[in-house]
1. Taking a 1.4 Å probe, which of A:Phe31, A:Phe170 shows the most accessible area, and what order do the others take after it?
2. At 0.36 nm per residue, and after removing the present C-alpha to C-alpha distance, how many nm does the segment from A:Thr120 to A:Lys12 gain when stretched out fully?
3. I'd like the FRET efficiency for B:Glu134 and A:Ser132, computed as 1/(1 + (r/R0)^6) with the beta carbon distance as r and R0 of 56 Å, rounded to 0.05.
4. Rounded to the nearest 10 Å², what accessible area does A:Trp59 show when all protein chains are kept and the probe is 1.4 Å?
5. I'd like the carbon and sulfur percentage of the solvent accessible area for region A:1-134, probe radius 1.4 Å, heavy atoms only, ligands and nucleic acids excluded.
6. Once a ≥ b ≥ c are taken as the square roots of the eigenvalues of the Cα gyration tensor of region B:1-112, is the result rounded (a/c under 1.5), prolate (a/b larger than b/c) or oblate (a/b not larger than b/c)?
7. Once a ≥ b ≥ c are taken as the square roots of the eigenvalues of the Cα gyration tensor of region A:1-45, is the result rounded (a/c under 1.5), prolate (a/b larger than b/c) or oblate (a/b not larger than b/c)?
8. Taking a probe of 1.4 angstrom, what is the accessible area of A:Val111 in Å², to the nearest 10?
Amino acid sequence: MSGLTAARDLAKRPVVTLDGEAVAQIKDTVFDGPAGRIVGFTLSGRGLLAGPLRQSLPWEAVHSLGGHAVMIRGREALAEPAAVVARKEAAGGHVLGARVLTDAGAEIGTVLDIVVEGGTSGRVVGFRIAASESLVPGSRRRRRKVYVPRGETLAVSGTALVVPAGVTHFVADDLPSFVGQIDAFRARAGREGAGPAPGARAVPVEADAPKEGPTP
Amino acid sequence: MMLFSQVQGLPVVTLGEAAELGVLASLTVEVASGHISHLRVSRPRGHQDTTIAWNALHALGPDAALVRSAAALDAEPATTPVHHEMLRQRILTEAGDERGTVKDVSFDPETGRIGTVHTALGELPADSLLGLGEYALVVRAEPATRHAP
């Protein structure tokens with residue numbers, strides 16, 4: 001599996017052709033929420049004075065999403081803005097700020113950011129959430145930000161999304177440890193379906209290391 | 001094999017007249033063919049810098065680059081390819097990950113064929129190069145070793 005990236009960190013990442021030319025940079029990432037994948041990117045020009053570009057980058061035209069650049073074959077991969085933006089509206093929109101509920105009915109937090117897999121898949125693998133107290137017990141003032149896998153079943157509306165209750169066993173504090181949690185989550189989902197399984201390979205939240213410091 | 005860094009700054013001299021045209025500023029690489037296509041020559045004050053096609057070169061030695069004649073300069077067509085400097089260029093894999101910068105490039109002084117690209121993270125064979133542009137030198141992604149179990 002390629003590295004994981006938070007969608008917010010994709011902003012300003014250069015779009016580079018296989019000929020080594022930087023033709024644009026990422027402005028926004030557009031998601032299909034229910035499908036759990038990237039639809040494409042809106043673009044801006046490169047440089048200090050550059051504004052939004054009248055072009056977009058559909059996911060099908062991406063050669064690879066890397067840690068330092070989004071690679072495309074050539075300039076001709078860029079499309080009309082409508083190619084991406086129209087599908088954003090069709091997909092029904094915003095996930096950021098949405099409440100996260102488990103299918104057992106517990107609210108575990110609100111979405112701060114979306115975590116995607118690098119490479120060619122364009123898959124959403126999880127969310128960075130502001131954890132509610134039921135998920136991460138502790139002082140109210142130390143509002144924790146954690147990563148949760150999205151699970152294979154996912155329901156999204158404009159204001160909330162529902163994830164399998166099992167994902168709460170695979171919470172991580174930072175992206176590097178989230179990679180391991182995703183692998184463990186998938187391994188278990190593959191073995192027993194999405195239902196929670198006591199014991200097994202579940203990792204309690206408290207055992208995660210290293211801890212993220214208190215965030216204001 | 002010679003290195004780009006060894007030939008930079010060599011005097012460029014004509015074979016017939018032994019006239020010094022200038023100094024070798026850089027080499028233009030055509031990534032698709034894996035060869036050096038042109039030499040860029042910076043000329044003394046009052047003259048415009050110029051490019052010389054690789055096949056107008058008589059010899060590239062340790063102390064000078066010899067071109068067939070000064071006519072090679074005038075005969076140079078206007079179709080000179082855009083030059084992208086290879087030395088110090090950022091390296092990106094086709095997967096979109098940075099892989100250091102180009103420290104040096106070895107080449108065969110007889111044929112102009114590129115040998116290996118030296119980077120801070122090791123050497124890259126010429127056949128791993130995909131493209132060279134203003135922003136980066138793009139290379140093939142290596143077999144995944146980073147996330148091996």
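The values are calculated or read from the model by the stated rules, or taken from the named source; none is laboratory data. The structure presented is a predicted model; accordingly, all values stated were derived computationally and were not measured. Backbone-built Cβ (ideal geometry, glycine too); neighbour counts: all protein chains shown. The area values use the complete protein model at the heavy-atom level, side chains included, leaving out ligands, DNA and RNA. Shrake-Rupley method; radii C 1.70, N 1.55, O 1.52, S 1.80 Å.
1. A:Phe31, A:Phe170
2. Going from the current span to full extension adds 36.9 nm.
3. Calculated transfer efficiency: 0.70.
4. Using a 1.4 Å probe on the heavy atoms, I get roughly 10 Å².
5. 50
6. Numbers: a/c = 2.03, a/b = 1.81, b/c = 1.12.
Prolate.
7. prolate
8. Only protein atoms counted, so the area is about 10 Å².
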